[in-house]
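**Student:** Dumping the structure here so I can ask a few things about it.
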Amino acid sequence: MRVPLVVVTGVDPAAIDAAMLSLSWDLPRAVAVRHVIDPESQVLTRTVSDAQGIVEREDIPLEHACVSCALREDILPTLERVARDRRWSTIVAALPAGTEAAQLGSVLATNSRLARHIRLSTVVSALGGEHLVHDLLADDLLRERGWHSNPWDDRGVGEVACAQVEYADLVVVDRDPTRQARDLLRALARPEVAVVPGFDRLEGAALAAHRHQHRPADAWRSPAVTAELPTLGESRAWRLHLTSDRPFHPERLLDQIERLGTGAHRSRGCFWVPTRPGVALEWSGAGGQLSIGSHSSWGRRTPLTRLIFTGVGTAPTELAAAFDDLLLSPDELNRDPRRWDVLEDGLEPWLGDIRGAA
C-alpha cells in the first residue's frame, strides 16, 4: 500500500510552518517531515514528528547547500523510510524554504522503487498575504529576507515564489488576499488550481486523496511547451504572450536585455540564439531579477522564442516592441549562416562554452 504524500513549498518559513501545522492537525494519523537548510553552516536539519511529539531530529552536513544535494542525501531517503514504517497513514513534508517541488515530483514519477511506497498526492504553495503582490513581482532577494539556502544564493523572492505557484496543485495564503493579488495568483497558477484564503481552511483528507499529475504540472511551467494559454477574462491581472520562430540576436540580447528583463512582472519562457541553434534556452524572472540558462536540446522540435509576461494593473506597452527588436530580422536570418559559426558569443557567463552546447 502506497502512503499519500502532501508536499508544502514556500519562500517564507513562517508560512510553510503554518500550512504544515494545519495539515498535521487535520490529519491525526499523519507524520510531519520538515527540512530546513542553514545557509551559513550548510547544515540540513531534519525533524520528524507526529501527534505524540518529535520522533527524530538530526543535523546533516551538506557538501553543497542546494536542493539537489538535500533531496539526494536526506529528503528522499527519509520519505521512503517513513513510508515503509507503516505507523502513519499520511506524510506531510515541508521542503526547505525556496525549494521548488518539480524535481521531487519528477523523481517520484519516474523512480519505480519509491513509487511502490509513496504516492505524491498534492503539492501546496504556501504564501504570506500581507504584501503578496510585492513579494511576487518586486526585486527583493531571498538573502535580504534571510530565506536563502547558501551564502551565494542570489535568487529573487518573486522568481522562486512564482515558480512554486506555477507547479502547485493548490495555493494557500495566510489571509484573504486582495482582488488584485487573487487575480495575479490565478493568472500564474494552472487554471484548475484553487486559491485558499487561510491555512485553517486546508482540507487535509481531500489533499491526501488527490493525485498529483507531474506531467501536466511540469508542462505548465516548462519553458519550451507551446500549448495555448487560457484567457484571463475579467481580471486585474494581465498576460502578454510573445512568440516567434526567429532567434534573439546575441549581441542585441546582451545590450538590451533590460528592456524585457526589468519591470514589475513575472516573465518566463524559452528562446534560442543562432550561435547555439541546437539548444533550448530558458528565461525566468520576476521584478527585474532574471535568470537565463540552457534547458534542453531542441531535438526534433522546431526552435522557438516564446516569452510569457504576467503582471497586474496595465500591461507595459513597450514589451512587444522590445521583443521584436531583439529578434533577428528576416534579412539577418537569411544571410550566410556561417557567420554565426563563432567561438564566442558573449553569453558564456550564463550559458557556458559554445563548444559544450548540444
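The values are calculated or read from the model by the stated rules, or taken from the named source; none is laboratory data. Owing to the predicted nature of the structure, the values given are computational and were not obtained by experimental measurement. Please note: Cβ atoms are built from the backbone with ideal geometry, for glycine as well, and neighbour counts cover all protein chains shown.
**Student:** Filter the range 103-130 down to residues that are in contact with a Ser or Thr (Cβ under 8 Å, 6 or more places away or on another chain) and among the hydrophobic types (A, V, I, L, M, F, W, C) and give me whichever is farthest from residue 196 (Cα to Cα).
**Tutor:** 123
**Student:** Now, a different point. Could you list all residues from the range 16-49 that are in contact with a helix residue (DSSP H, G or I) (Cβ under 7 Å, 6 or more places away or on another chain) and in a helix (DSSP H, G or I)?
**Tutor:** Those that are in contact with a helix residue (DSSP H, G or I) (Cβ under 7 Å, 6 or more places away or on another chain) and in a helix (DSSP H, G or I): 18, 19, 22, 23, 26.
**Student:** Could you figure out which of (1) within 30 Å of residue 132 (Cβ to Cβ); (2) in contact (Cβ under 8 Å) with a residue 24 or more places away in the chain; (3) not aromatic (Phe, Trp, Tyr) isn't true of residue 352?
**Tutor:** So residue 352 meets the others, but not (1).
**Student:** Would you mind telling me which numbered condition in (1) assigned to a helix (DSSP H, G or I); (2) in the same structural domain as residue 299 (by TED's automatic domain parsing) residue 243 fails?
**Tutor:** (1)
**Student:** Can you name every one of the helices (runs of 4 or more DSSP H) wholly within the range 314-358 that holds 2 or more residues which are more than 30 Å from the chain's Cα centre (by Cα)? Spell out the reasoning first.
**Tutor:** On the way: elements: 319-326, 330-334, 348-351.
Filter on the range 314-358 gives 330-334.
**Student:** What residue, of 57, 84, 72, is over 24 Å from residue 147 (Cα atoms) and either assigned by TED's automatic domain parsing to the domain that holds residue 170 or not in a helix (DSSP H, G or I) (or both)?
**Tutor:** The match here is 84.
**Student:** Count, please, the residues in the range 175-188 that happen to be touching a strand residue (DSSP E or B) at 6+ places or on another chain (Cβ under 6 Å) and either assigned to a loop (DSSP other than H, G, I, E, B) or surrounded by fewer than 20 Cβ atoms within 10 Å (Cβ to Cβ) (or both).
**Tutor:** Count: 2.
**Student:** Next up: Which one of the conditions (1) in contact with a helix residue (DSSP H, G or I) (Cβ under 9 Å, 6 or more places away or on another chain); (2) surrounded by fewer than 21 Cβ atoms within 10 Å (Cβ to Cβ); (3) assigned to a loop (DSSP other than H, G, I, E, B) does residue 134 fail to meet, given that it meets all the rest?
**Tutor:** If we test residue 134 against (1) in contact with a helix residue (DSSP H, G or I) (Cβ under 9 Å, 6 or more places away or on another chain); (2) surrounded by fewer than 21 Cβ atoms within 10 Å (Cβ to Cβ); (3) assigned to a loop (DSSP other than H, G, I, E, B), just (3) comes out false.
For every residue, the table says whether it meets (1) in the same structural domain as residue 298 (by TED's automatic domain parsing); (2) modelled with pLDDT of 90 or more; (3) not basic (Lys, Arg).
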site	(1), (2), (3)
312	yes, yes, yes
323	yes, yes, yes
326	yes, yes, yes
330	yes, yes, yes
334	yes, no, yes
338	yes, no, no
344	yes, yes, yes
350	yes, yes, yes
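**Student:** Quick one: count up the residues across the range 160-196 that are free of Cβ contacts under 8 Å to residues at least 40 places away in the same chain, farther than 21 Å from residue 269 by Cβ and of a type in the set (A, V, I, L, M, F, W, C).
**Tutor:** Total meeting the criteria: 3.
**Student:** Quick one: in the range 287-311, of everything that is in a strand (DSSP E or B), among the polar types (S, T, N, Q) and out of contact with any helix residue (DSSP H, G or I) (no Cβ under 6 Å at 6 or more places or on another chain), which residue is surrounded by the fewest Cβ atoms within 10 Å (Cβ to Cβ)?
**Tutor:** Here the answer is 297.
**Student:** Does residue 136 count as touching an Asp or Glu at 6+ places or on another chain (Cβ under 9 Å) and touching a residue at least 60 places away in the same chain (Cβ under 8 Å)? Before you say what the answer is, go through the steps one by one.
**Tutor:** Values: touching an Asp or Glu at 6+ places or on another chain (Cβ under 9 Å): no; touching a residue at least 60 places away in the same chain (Cβ under 8 Å): yes.
When the stated conditions are applied, residue 136 does not pass them.
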